[in-house]
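Undergrad: Before we start, here is the structure in question, set down as structure tokens.
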Amino acid sequence: MTISVASGKGGTGKTTVATSLALSIGSVKDNKVQFLDCDVEEPNAHIFLKPLIKKYKSIGVLIPKIDESKCNFCGKCAEICAYNAIAVFKSKVLVFSTLCHSCGGCALLCPKKAITEINKEIGIIEIGSLNNIQFIHGILNIEETMSPPLIRAVKKCIDFTRTVIIDAPPGTSCPVIEAVKGSDFCILVTEPTPFGLNDLVLAVEVLKKIDIPFGVVVNRADTGSNEVEDYCSKEGIEVLMKIPFDRKIAEAYSKGITIVEIIPQYRERFVQLFEFIKTKVV
């Protein structure tokens, strides 16, 4: 089973929930867990899980390389590019590699065969483990803007013999959809604030469109207003867990310590959450 953990905005406690869930499931005898940190622009689950990294893998994408000795500067490559990654001038062609989506259309259409595709590294994957949890995360190179290819590379490592926990990027854009796509269930982590509610509504709309079952965890639940819970009640959305504001949890987080390590009673709550999710997955 694959469970993704997402949030409409950053700072809601998404990684706190994801790492605590993984540690709790992994503490049960014979449970094998795989944790994928797909928040490749700012991965931080390793700070809490502290895996021993054993393997590294470079991940790249194909981008066009122009042989100007063959090019007649006809501009067909620029015309086909929907993302404006190529600009053709009178005697010069510029390639903006960070805009390229690696479709290969420019190379296929070039009448002079002046375009070849070369590999460009966009980031790395690190693979490690702790106890019976396999850990994998991607790290996007600085200045790279295209995270979905790296997220796809991380997800190619999924081991379906294990319970898979995916820590998705925050928000509702393409990287989030790439991360949660194919999940059996998604946990949406939110907070009881106007921003939390606004971005929760957006995340709910996304999950409904891509047909992934979901429920909500409300973090810092005893602060703010009841608007989030009222919205969930109105929409028939299950509130899976409420985590109150607790200075002890906040201090532990700042030191890279999970909820279940600082307050062991939460371990059973997360195991119960997992068992409940299993009943919702057909």
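Undergrad: Would you please name the residue that is surrounded by the fewest Cβ atoms within 10 Å (Cβ to Cβ), looking only at residues in the range 87-111 that are touching a strand residue (DSSP E or B) at 6+ places or on another chain (Cβ under 6 Å) and within 23 Å of Glu143 (Cα to Cα)?
TA: The extreme case among them is Leu94.
Undergrad: Hey, another quick one. Sort through Gly182, Gly224, Gly196 and tell me the only one that's over 15 Å from Lys9 (Cβ atoms) and surrounded by 14 or more Cβ atoms within 10 Å (Cβ to Cβ).
TA: From the options Gly182, Gly224, Gly196, the qualifying one is Gly182.
Undergrad: Now a separate question. Check Ala45, Ala114, Ala82 and return the single one that is surrounded by 13 or more Cβ atoms within 10 Å (Cβ to Cβ) and over 30 Å from Ala18 (Cβ atoms).
TA: Ala114
Undergrad: Additional query: Would you point out which residue out of Glu126, Glu144 is in contact (Cβ under 8 Å) with a residue 40 or more places away in the chain and not in a strand (DSSP E or B)?
TA: Glu144
Undergrad: When the residues of the range 1-45 are narrowed to those that are basic (Lys, Arg) and more than 20 Å from Gly215 (Cα to Cα), which ends up modelled with the highest pLDDT?
TA: Lys32
Rundown of residues vs (1) on the phi < 0 side of the Ramachandran plot; (2) part of a loop (DSSP other than H, G, I, E, B); (3) assigned by TED's automatic domain parsing to the domain that holds Ala203; (4) touching an Asp or Glu at 6+ places or on another chain (Cβ under 8 Å), yes/no style:
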| position | (1), (2), (3), (4) |
| --- | --- |
| Asn72 | yes, yes, no, no |
| Lys112 | yes, yes, no, no |
| Pro149 | yes, no, yes, no |
| Ala168 | yes, no, yes, yes |
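The values are calculated or read from the model by the stated rules, or taken from the named source; none is laboratory data. Bear in mind the structure is a predicted one, so any value in this text is a computation, not a measurement. Virtual Cβ from ideal backbone geometry, glycine too; neighbours counted across all protein chains shown.
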